[in-house]
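Here the structure is laid out as structure tokens; the discussion comes afterwards.
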Amino acid sequence: MTEGAFVTESLAKWLCEQSFDSLPQEVVAKTIDVVYDSIGGMVACSTLPEVRAVVELVDQQGSRPECTIIGHRQQASLVNAAMANGGMAHGNEVDPVHTTSVGGHVAAGPVPTALAVGEWLNSSGKDVLRAVALGYEIGGRLMTIFYRDRDYVARRFYHTAIAANISSAVTAALLFGLDRQAVQVALCLATYQAAGPDNMTTDPNHMGKTFQVAAANRNGVTAALLARQGCFAPLDVLDNTRGLFDAYLDKPDVGKDMLEKLGEYYSIMDVMHKRYSAGTPNQAYLQGLFKIIQENAITPDDVDEIEIHVPKRGIHRVPTTRHASISAEKVSAIAVATGKLDFYFLHGPIEAVEATIKTMQSRIKFVGREDWTGMNQGRHAIVIVRTRDGRVFNEDVWHQPLDRAALEDKFRGLVTPMFGEDRSAQLKTFCDQLTTAESIRPLMKALQA
């Protein structure tokens, strides 16, 4: 054991020892769902303005045409493709998040990296799934610690970007077949690049989040490539002072929690597939809101007032300064005014979106509950709808996860407008057959424009 590197070395050793066959079947099945859901979001996000900016930059800089840029005709080098596809993986608020931390876009680190590196290496579907599951393992554990130990108001950093740098590096390192020490080096080199000031509450678009995750995938792959070339860096980045947890949480010893129930509990089993193309704090109340509207045939003109209770910390995350897919007041207004929450409407002409919001926003009030302090309360909401004819409807709701049928409906709704029904069905088949796929390249070819 390297002196002072217990957590970093133990994690790296465990990661290298895990084969695809050692993963429980339910973990493999859930990993397929995570890849499937992530690909749906990446296809839909591939032409958003923030993503296009990254793709255009990659194209302008020029690079070897080695890997697919999803939803586009051109190809790019491994590192540049990881960056472009990484931006798509969190190009909007449609990608999976982590249930235990009630937020945090863990899948946006391992999935785009695994697809790019897997295509570059001509990896099998099993190799890609193993890398995603284990990359997610590290990202999910990091995310839970960050959400638990950080003061969201006083100490703001973007946990998704920090975790994605590291989970991307792990994913790439495992596909490269690096040994234990090289994985430790990759972890350190990825942490050196990790950044993410959380000033996005004043970003009316999605550029801050999109670019930070794009850069995280670029950084993670770069870190693993340097480790593959034999570069050395300190082996204790998850331990002690001056490491990751000291830098971001001022708690150098909290890294030991990364080892809790390692190999017994798998982080990816706690993934939350979003039902709606909106920020995580919106998911629970939207279920209650749509239930009331649909079961009672309430029209926009019927609504007198809507009151929505969510944890107070959630209010800090979804202010009116944010994009219409994040801001709670905007999301709820669109949901009531249109009776649905459509990805392509949210990202359509801004004039139509703002006009729709204006018709309903003044009738919706959010209440930040200071007594809802537990992390699980992020999945809780109370929705009260009062109609102009005096009726009152009250729904106390906890987020209900998507089943596979609903996940498939979501995928079709995201992919079919871009690729058509036939290719949407083809992509589903590719994902379902990943455990028997000899190469990931046919899937990547089908993801080209």
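Worth pointing out:
- Criterion violated by His206 - all others in (1) touching a residue at least 60 places away in the same chain (Cβ under 8 Å); (2) crowded, with 22+ Cβ neighbours inside 10 Å; (3) within 15 Å of Lys13 (Cβ to Cβ) satisfied: (3)
- Val97 being within 12 Å of Ile268 (Cα to Cα), in contact with a helix residue (DSSP H, G or I) (Cβ under 8 Å, 6 or more places away or on another chain) and among the β-branched types (Val, Ile, Thr): yes
Yes/no matrix, rows are residues, columns are (1) buried (at least 18 other Cβ atoms within 10 Å of the Cβ); (2) small (Gly, Ala, Ser); (3) out of contact with any Ser or Thr (no Cβ under 6 Å at 6 or more places or on another chain); (4) in the same structural domain as Arg322 (by TED's automatic domain parsing):
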{"position": "Glu354", "(1), (2), (3), (4)": "no, no, yes, yes"}
{"position": "Gln361", "(1), (2), (3), (4)": "yes, no, yes, yes"}
{"position": "Val367", "(1), (2), (3), (4)": "no, no, yes, yes"}
{"position": "Gln377", "(1), (2), (3), (4)": "yes, no, yes, yes"}
{"position": "Gly390", "(1), (2), (3), (4)": "no, yes, yes, yes"}
{"position": "Ala405", "(1), (2), (3), (4)": "no, yes, yes, no"}
{"position": "Pro417", "(1), (2), (3), (4)": "no, no, yes, no"}
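- Single residue of Leu225, Leu289 found to be in contact with a strand residue (DSSP E or B) (Cβ under 9 Å, 6 or more places away or on another chain), at pLDDT 95 or above, part of a helix (DSSP H, G or I) and of a type in the set (A, V, I, L, M): Leu289
- Where helices (runs of 4 or more DSSP H) fall wholly inside region 331-449, the ranges with 3 or more residues that are at pLDDT 95 or above and closer than 21 Å to Asp95 by Cα are 404-419, 421-432, 441-446.
- Selection count, region 347-385, where residues are under 23 Å from Arg148 (Cα atoms) and either touching a helix residue (DSSP H, G or I) at 6+ places or on another chain (Cβ under 8 Å) or not β-branched (Val, Ile, Thr) (or both): 13
- Some residue of region 32-55 being surrounded by fewer than 21 Cβ atoms within 10 Å (Cβ to Cβ) and without any contact (Cβ under 8 Å) to a residue 60 or more places away in the chain: yes
- Test: residue in region 256-271 that is in the same structural domain as Gly118 (by TED's automatic domain parsing), among the polar types (S, T, N, Q), under 30 Å from Thr47 (Cβ atoms) and assigned to a helix (DSSP H, G or I): no
- Test: residue in region 233-243 that is in a helix (DSSP H, G or I) and either within 29 Å of Asp33 (Cα to Cα) or touching a helix residue (DSSP H, G or I) at 6+ places or on another chain (Cβ under 8 Å) (or both): no
- Taken as a whole, region 237-244 holds at least one residue that is of a type outside the set (Lys, Arg), buried (at least 18 other Cβ atoms within 10 Å of the Cβ) and closer than 25 Å to Met375 by Cα.
- Wholly enclosed helices (runs of 4 or more DSSP H) of region 83-197 bearing at least 3 residues basic (Lys, Arg): 125-149
- Selection of region 247-269 for residues being among the charged types (D, E, K, R), under 20 Å from Gln18 (Cα atoms) and touching a Lys or Arg at 6+ places or on another chain (Cβ under 9 Å) yields Asp257, Glu260.
- Cβ pairs under 8 Å, 6+ apart, first in region 326-340 and over 23 Å from Thr210 (Cβ atoms), second crowded, with 24+ Cβ neighbours inside 10 Å and polar (S, T, N, Q): Ser332/Asn282
The values are calculated or read from the model by the stated rules, or taken from the named source; none is laboratory data. Since the model is a prediction, treat every value here as computed from it, not as a measurement. Here Cβ is always computed from backbone atoms with ideal geometry, including for glycine, and neighbour counts include all displayed protein chains.
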